[in-house]
Amino acid sequence: MTDVLPTLAVTGATGVVGGRVAGLLADAGVPQRLLVRHPDHAPNLPGASVVTISSYGDGESAERALRGVKTLFMVSATESTDRVDQHRAFVDAAVRADVGHIVYTSFISAAPDAVFTFARDHYATEEHIKASPLGWTFLRDNFYLDFMPGFVGDDGVIRGPAADGRCAMVARADVARTAAAILREPDEHHGKTYDITGPEALTMTEVAEILSSAEGRHITFHNETIEEAYESRRSYPAADWEYDAWVSTYTAIAAGQMSQVSGDVEAVTGQPPMSLAEYLAQR
Ligand SMILES: NC(=O)c1ccc[n+]([C@@H]2O[C@H](COP(=O)([O-])OP(=O)(O)OC[C@H]3O[C@@H](n4cnc5c(N)ncnc54)[C@H](OP(=O)(O)O)[C@@H]3O)[C@@H](O)[C@H]2O)c1
C-alpha cells in the first residue's frame, strides 16, 4: 500500500509551519504524505494522503509511515524533557525506512552551549542527523515574529533581560515559504544550513515601538535583571527547564546570538522576508 503513497512526507501539518508548508505544496500541485498524530485535525488538501503516527518517539509507527518516502520535512517537536530522544527516534526510523533526505527545522545559533536552552536540543538533533546516512538540509529559524504581540503583558510592558541586544525574528509564513521551496528541489539544497531570519535585527525597545504604532497603544520594554525575570515568571506554574527557556529567550538576545540578519530566505525563495511592521499590518 505504501508504494502508492507520495514520496514527499511532511510532518507538523496540524500546526502552523507544517500546515503552511503543506498548503503551499498542494497549491503547487505537489503530491505529499502528511504524517500526523491527530488525523481529524489534518488539513484536507488536494494530492495529500494522511498517514497517522503516534509521535516522533514511537519508532515503529514512524518507520511504517515513512516507508517509501524519499524526502521528509521534519518540524521540530513541541518542547519537552525528552524532545531530543524523540527526535533521535524519528531520525533513526527514517534511516530504517530508507528515507533519502531530511529537511529539519532547527534554530539559529544552535550549539551545545547556546544561551537559548532549546537551541541545544536542535544542535543535538542536527548532529544526530549528520551522523546518519540521510541527506539533510537545516533551516535554522530565528524567533518567530508572530509571537511578539504575545510578549506584551496586560500592562503594555514587554519584560525580559534582553538589554539592548538585537533579534532578527522571522515570520512563520517565511519559514514555510522557504521550506516549501526547498522541498520542491531538495537536491539543490543537500548539505546546506540556512539561517532563516527576518530582514532586520530589532532591539526589544524597537519591537515595543513598532507594536505601539501597529496597535495604537503605548507599549514599552523593561529590561529585567535575570533574577527579576525568574521571579516574574514563577507566578506561572511550570518546570525549571521551562523557566530557563523563557528567560534565556531574552538572555540569548542580550548575548547577541539572535542578531545576525541573513539573506537566505530571499536567496532560496526569490522574495525577501517580511518585517515585524509588515507582518502586523497584514495580520
Ligand atoms: N522559532 C521559534 O520562535 C519557535 C517558537 C515556538 C516553537 N518553535 C518550534 O517550531 C516548531 C513549529 O512551530 P509551529 O508554530 O508550527 O508549532 P505548532 O503550530 O505547535 O505545530 C507543531 C506541529 O508539530 C507536531 N508535533 C509536535 N510534537 C510532536 C511530536 N512529538 N511528534 C509528532 N508530531 C509532533 C504537532 O502535532 P499535534 O497537532 O499532534 O500536536 C503540530 O502539527 C514547534 O513544534 C517548535 O519545535 C519555534
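The values are calculated or read from the model by the stated rules, or taken from the named source; none is laboratory data. Keep in mind the model is a prediction, meaning the values are calculated, not measured. Because the Cβ atoms are built from the backbone with ideal geometry, glycine has one as well, and the counts that use them run over all protein chains shown. Calculation scope for accessible area: heavy atoms of the full protein, side chains included, ligands and nucleic acids excluded. Shrake-Rupley method; radii C 1.70, N 1.55, O 1.52, S 1.80 Å.
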(request) Tally up the carbon and sulfur contribution to the accessible surface of segment 118-202 as a whole percent, 1.4 Å probe, everything protein left in place. (result) 45 percent
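For segment 169-231, report the translational diffusion coefficient in µm²/s to the nearest whole number, using Stokes-Einstein at 10 °C, 1.306 mPa s, and a Kirkwood Rh over Cα pairs.
Roughly 106 µm²/s, to the nearest whole number.
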(message) Could you tell me the calculated FRET efficiency between residue 82 and residue 38, based on Cβ-Cβ distance and R0 = 25 angstrom, to the nearest 0.05?
(response) 0.80
(message) At 1.4 Å probe radius, can you tell me the per residue accessible area of the chain in Å²?
(response) 44 Å²
(message) Can you tally the net charge around residue 50? Count Lys and Arg as +1, Asp and Glu as -1, for every other residue whose Cβ sits under 12 Å from the Cβ of residue 50.
(response) +1
(request) Sum up the charges of everything whose Cβ sits under 10 Å from the Cβ of residue 199, counting Lys and Arg as +1 and Asp and Glu as -1, but leave residue 199 out. (result) -4
(request) Could you give me the radius of gyration and the Dmax of the chain, taking only the C-alpha atoms into account and expressing both in angstrom? (result) 19.1, 58
(request) Please name which of 17, 6, 220 has its Cα lying farthest along the dipole of the chain towards the positive end, using unit charges on Cβ (Lys, Arg +1; Asp, Glu -1) and the Cα centre as origin. (result) 6
(message) Report the per residue volume, in Å³, of the convex hull enclosing the C-alpha atoms of segment 24-63.
(response) 66 Å³
(message) Which residue fluctuates most in the GNM of the chain (Cα springs below 10 Å): 107, 147, 138?
(response) 147
(request) Compute the acute angle (0 to 90°) between the alpha-carbon long axis of helix 117-130 and the principal axis of greatest extent of the alpha-carbon atoms of the chain; round to the nearest 10°. (result) 20 degrees
(request) Kindly express, to the nearest 10 degrees and within the range 0 to 90, the angle between helix 204-215's C-alpha long axis and the longest C-alpha principal axis of the chain. (result) 80 degrees
(request) Report, to the nearest whole %, how much of the accessible area of segment 2-42 belongs to carbon and sulfur atoms, 1.4 Å probe, protein only. (result) 48 percent
(message) Using C-alpha positions alone, give me the convex hull volume of segment 144-283 per residue in cubic angstrom.
(response) 124 Å³
(message) In Å and on Cα atoms, what radius of gyration and Dmax does segment 58-191 show?
(response) 16.6, 53
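Rounded to the nearest 20 debye, what is the charge dipole size of segment 137-182 about its Cα centre when +1 sits on each Lys and Arg Cβ and -1 on each Asp and Glu Cβ?
Details: 5 positive and 6 negative charges, 47 e Å.
Rounded to the nearest 20 debye, it is 220 debye.
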(message) Over 10 Å intervals from 0, what percent of Cα-Cα pairs in segment 33-129 sits in each interval?
(response) 17, 46, 29, 8, 0
(request) Please name which of 151, 259, 199 has its Cα lying farthest along the dipole of the chain towards the positive end, using unit charges on Cβ (Lys, Arg +1; Asp, Glu -1) and the Cα centre as origin. (result) 199
